[in-house]
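Worksheet: one structure, shown below.
Read the figures in this text as sums done on the coordinates, not as results from a lab. From a predicted model like this one, the values you see are computed outputs, not experimental measurements. Reconstructed Cβ throughout: ideal geometry from the backbone, glycine too, with neighbour counts over all protein chains shown.
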Amino acid sequence: MPKINLRGVEKNYGANAANAVADLDLEIGDGEFMCLLGPSGCGKTTTLRMIAGLEHLTAGEIRVGPRVVDSVVEGVFVPPEKREMGLVFQSYALWPHLTIERNTDFGLRLRNMPKAEREQRVDKVMKTLGIEKYRDRYPSQLSGGQQQRVALARMLAVNPEVLLLDEPLSNLDAALRLEMRAELKRLHNEFKTTIVFVTHDQWEAMTLATTIAVMSEGQLQQVGTPNDIYDRPANRFVAQFVGNPPINIVELGNAKSEISARAGAFLGERYAELREAGSIGIRPESIRLASEAAEVPEGAFSGQAEVTGILPTGGSWIIELTRAGEKLFMTTHQSPEIEVGEAVAYWAKPKALHVFDTKGDRLEAADRLLRPGKMH
Ligand SMILES: Nc1ncnc2c1ncn2[C@@H]1O[C@H](COP(=O)(O)OP(=O)(O)O)[C@@H](O)[C@H]1O
Ligand SMILES: [Mg+2]
């Protein structure tokens, strides 16, 4: 199966518009489950539509395997129906006058597949998606979630080499969404289909993807495994977009902040090289509490703070710490034996600190110093 390769891809919708997608280089490997992740309006749908051939590029080139499917310079454009890709969009359309079975085998009939093979494929995919019991019903007799499954089944039945999915689970309630995520992951393992999946939901991307491409304002921010994205965010945007509750950002050089002063001193004392550091990030689960300063491990980044909030989230807690007007949020899975108003010592291992430069980019020099065992 082919790789999909985007080189210098740009999309501009109109004379006065900013680029919806700019200077995008992205390779989607065979069998990859690639999530395009980013906030609304960052260019995810546009990227997917360009891969599908539903939008022309303004600049750049897309290849599928060795074949150029769109190139501005070469004047090549392969129409969507010749790209052998399956598409499911946020708003999917089933044929209202056809039964669920006929909707599911629609693509196979279009391809004039022999009846026996067609029936076999449709049976299999309907079973996999748990819709065989609705085969004689019409779409109007199904819930939104069931309809979304039929749309997926219709597409999987033709066994496309590449599946393009634009927020396909957005209409489902939470329980069904979770079930469908598990289903999609199973399908991906079983069929090894290359999947490009658009979502604004970082949690969805983390749970599904083999590779995540994070976008912001038309620009690619980082490409990596879910662990890469979470553990080594390339910049502050990625760090803050992924993770819930969000990562704590401490601005260095903030004279009014005790936490900032401590962080600056912690880095500065050890590593004079880190003078260009602009901020640090600490994930809430990396912060620990000690009832007294003596319990803080040697070499840890630490300080004193007041507990100003305890928020139970069901099985875990978010704790708000405040010092000199600045807040840190931490999470814990153990029932916190503290009360609001109590003074505590907080600490984090040095390798839990993400250091960003003044532009917000990850300071690689800091990783070499703080996380020597974690380099790639
Ligand atoms: N058909 C269109 N015409 C003009 N502008 C568009 C069109 N489609 C999208 N845009 C603009 O392009 C940008 C990216 O949109 P989109 O790709 O839909 O983002 P996302 O899917 O990440 O929410 C947005 O600023 C959006 O308003
Ligand atoms: Mg979109």
Between beta-carbons, use under 14 Å as the cut-off and find the net charge around residue 319, counting Lys and Arg +1, Asp and Glu -1.
-2
For the stretch 33-88, with only Lys/Arg (+1) and Asp/Glu (-1) charged at the beta-carbon, what is the dipole magnitude about the Cα centre, in debye rounded to 20?
120
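Which of the residue pairs 185/349; 327/349; 327/351; 124/192; 44/185; 133/192 have a Cα-Cα distance greater than 23 Å in the structure shown?
Working: 185/349 34 Å; 327/349 19 Å; 327/351 21 Å; 124/192 16 Å; 44/185 21 Å; 133/192 26 Å.
Too far apart for the 23 Å limit: 185/349; 133/192.
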Compare 16, 235, 254 in a GNM of the chain, Cα atoms joined below 10 Å, and give the one with the largest fluctuation.
16
Given springs between every Cα pair under 10 Å in a Gaussian network model of the chain, which of 185, 115, 124 has the largest fluctuation?
115
The stretch 134-269 - percent relative contact order, Cα under 8 Å, separation 6 or more
13
How high is the relative contact order of the stretch 220-376, in percent, with contacts defined as C-alpha pairs under 8 Å that are six or more residues apart?
25
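So, with +1 on the Cβ of K and R and -1 on the Cβ of D and E, and no other charges, what is the size of the charge dipole of the chain about its Cα centre, to the nearest 20 debye?
Numbers: 44 positive and 50 negative charges, 245 e Å.
With only Lys, Arg, Asp and Glu charged at Cβ, the dipole is about 1180 debye.
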So if I take the centroid of the Cα atoms in the stretch 200-226 and the same for the stretch 1-27, what is the distance between those two points in Å?
16
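Taking neighbour Cβ counts within 10 Å as the exposure measure, how do 70, 367 sort from fewest upward?
Numbers: 70 22, 367 18.
Fewest to most other Cβ atoms nearby, the residues stand as 367, 70.
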Summing +1 for each Lys or Arg and -1 for each Asp or Glu, what net charge is found among the other residues whose Cβ lies under 10 Å from the Cβ of residue 27?
+1
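Considering only the other residues whose Cβ falls under 11 Å of the Cβ of residue 73, what net charge follows from Lys and Arg at +1 and Asp and Glu at -1? Before the final figure, lay out each step's value.
Details: positive: 7; negative: 61, 70, 74.
Its environment carries a net charge of -2.
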Inter-part distance where the stretch 269-295 and the stretch 37-54 are each reduced to a Cα centre, Å:
37
Label model pair residue 141, residue 203: point-to-point distance (7 angstrom along the Cα→beta-carbon line) in nm is 3.5
Per residue, the convex hull volume that the Cα atoms of the stretch 246-368 enclose (Å³):
103
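Per-residue counts of other Cβ atoms within 10 Å, averaged by peptide: what ranking do you get for 286-299, 208-221, highest first? Could the numbers behind the result be given before it?
Working: 286-299: 13.9, 208-221: 21.2.
In descending order of packing, they fall as 208-221, 286-299.
Percent relative contact order of the stretch 58-169, based on C-alpha pairs within less than 8 angstrom and at least six residues apart? Display every interim value, and only then the final one.
Numbers: 136 pairs, mean separation 40.7, N = 112.
Computed over the stretch 58-169, the figure is 36 percent.
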Using +1 at the Cβ of each Lys and Arg and -1 at the Cβ of each Asp and Glu in the chain, identify which of 86, 238, 60 lies farthest towards the dipole's positive end.
86
Non-local residues with an amide H under 5 Å from the amide H of residue 355, with H modelled 1.01 Å from N and Pro and chain starts lacking one, are 281, 363
Using all alpha carbons of the chain, what is the percent of pairwise distances in each 20 Å bin, ordered from the shortest bin to the longest?
25, 46, 26, 4
Using 0.36 nm per residue, how much length does the chain from residue 58 to residue 181 gain when fully extended, once their Cα-Cα distance is taken away?
40.9 nm
What are the residues whose amide H is under 5 Å from the amide H of residue 59, where those residues sit 5 or more places off or on another chain and H is modelled from the backbone?
10
Which one of 302, 321, 280 is farthest out on the positive end of the charge dipole of the stretch 277-330, using unit charges on Cβ (Lys, Arg +1; Asp, Glu -1) and the Cα centre as origin?
280
Taking +1 at the Cβ of each Lys and Arg and -1 at the Cβ of each Asp and Glu, which of 205, 41, 29 sits farthest along the dipole of the chain towards its positive end, judged by Cα position relative to the Cα centre?
29
Under the Karplus relation 6.51 cos²θ - 1.76 cosθ + 1.60, θ = phi - 60°, what is the ordered set of whole-Hz ³J(HN,Hα) values for the stretch 22-32, x standing for Gly and Pro?
10, 6, 9, 10, 8, 10, 10, x, 4, x, 6
Running a GNM on the chain with Cα contacts under 10 Å, which residue among 343, 59, 255 ends up with the highest mean-square fluctuation?
255
The chain, helix-only ellipticity at 222 nm - DSSP H runs n ≥ 4, -39,500 (n - 2.57), divided by all residues, nearest 500:
-8000 deg cm²/dmol
